[in-house]
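The values are calculated or read from the model by the stated rules, or taken from the named source; none is laboratory data. Everything numeric in this text was worked out from a predicted model, so none of it was measured. In this analysis, Cβ positions are derived from the backbone assuming ideal geometry, glycine residues included, and neighbour counts consider all displayed protein chains.
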Amino acid sequence: MCDYSLHAVASRPAKVGETLVSTRFITGGTVGFASPTELGVAVCLQPGTELAFETNVKYRAAWFRSHTVSFNVAKFCKLAPKDAFQHHDALAFPDGSTVLVNTLVRGQRVQVLQMPVTESRLRIAKEQSPLPQGEKSIIDHGN
């Protein structure tokens, strides 16, 4: 769920609606997301998670310069997941460009807007919200 470079860092899954901050983790020396109240715990995102930054996204480039993307919304993705020992966590922007999470400028605040639908989340949704008698759920797929 988190990039290989964060395996030595305590982690937890993201929650819809929470605010996160880009941070450099001391134990791994890599950049990822954390809760502002738990900066030592990496918050892991699933591919397809939609994010909204407070401002346009900034990332580091060569020679310690930073660049700004013309977007404040992104979708979390994985780049080259089969290539071992390489950073995979990335952000995909509406124009198709991508930026590795590890290159993000620290201190950027972002809100988790929406997470991808998974089988386990569908099962939980069915269990937690029973429909009134006679109504069909759109997630039942006719079953």
Looking at the structure I just gave you, is G107 part of a loop (DSSP other than H, G, I, E, B) and at pLDDT 75 or above? yes
Quick one: is A34 within 26 Å of T118 (Cβ to Cβ), modelled with pLDDT of 95 or more and out of contact with any Cys (no Cβ under 8 Å at 6 or more places or on another chain)? yes
Report the residue count in region 86-98 for those that are surrounded by fewer than 20 Cβ atoms within 10 Å (Cβ to Cβ) and of a type in the set (A, V, I, L, M). 1
Going through region 12-41 one residue at a time, which ones are crowded, with 17+ Cβ neighbours inside 10 Å and of a type outside the set (A, V, I, L, M)? S22, T23, F25, G28, T30, G32, F33, S35
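Any chance region 17-35 includes a residue that's in a loop (DSSP other than H, G, I, E, B), within 14 Å of the chain's Cα centre (by Cα) and among the polar types (S, T, N, Q)?
For region 17-35, residues in a loop (DSSP other than H, G, I, E, B), within 14 Å of the chain's Cα centre (by Cα) and among the polar types (S, T, N, Q): absent.
Conditions (1) within 16 Å of V21 (Cα to Cα); (2) out of contact with any strand residue (DSSP E or B) (no Cβ under 6 Å at 6 or more places or on another chain); (3) not in a loop (DSSP other than H, G, I, E, B), marked per residue:
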site	(1), (2), (3)
N56	yes, no, no
W63	no, yes, yes
F76	yes, yes, yes
P81	no, yes, no
A84	no, yes, no
H87	no, no, no
A90	yes, no, yes
P94	no, yes, no
Restricting region 53-65 to residues that are at pLDDT below 95 and over 24 Å from G40 (Cβ atoms), the one surrounded by the most Cβ atoms within 10 Å (Cβ to Cβ) turns out to be A61
If A80 passes every condition in (1) without any contact (Cβ under 8 Å) to a residue 24 or more places away in the chain; (2) touching a helix residue (DSSP H, G or I) at 6+ places or on another chain (Cβ under 9 Å); (3) among the aliphatic types (A, V, I, L, M) but one, which one does it miss? (2)
For region 99-124, enumerate the residues that are surrounded by 14 or more Cβ atoms within 10 Å (Cβ to Cβ) and free of Cβ contacts under 8 Å to residues at least 60 places away in the same chain. V99, L100, L122
Test: K75 is surrounded by 11 or more Cβ atoms within 10 Å (Cβ to Cβ), touching an Asp or Glu at 6+ places or on another chain (Cβ under 8 Å) and at pLDDT 95 or above: yes
Flag for T68 being exposed (fewer than 11 other Cβ atoms within 10 Å of the Cβ) and modelled with pLDDT of 90 or more: no
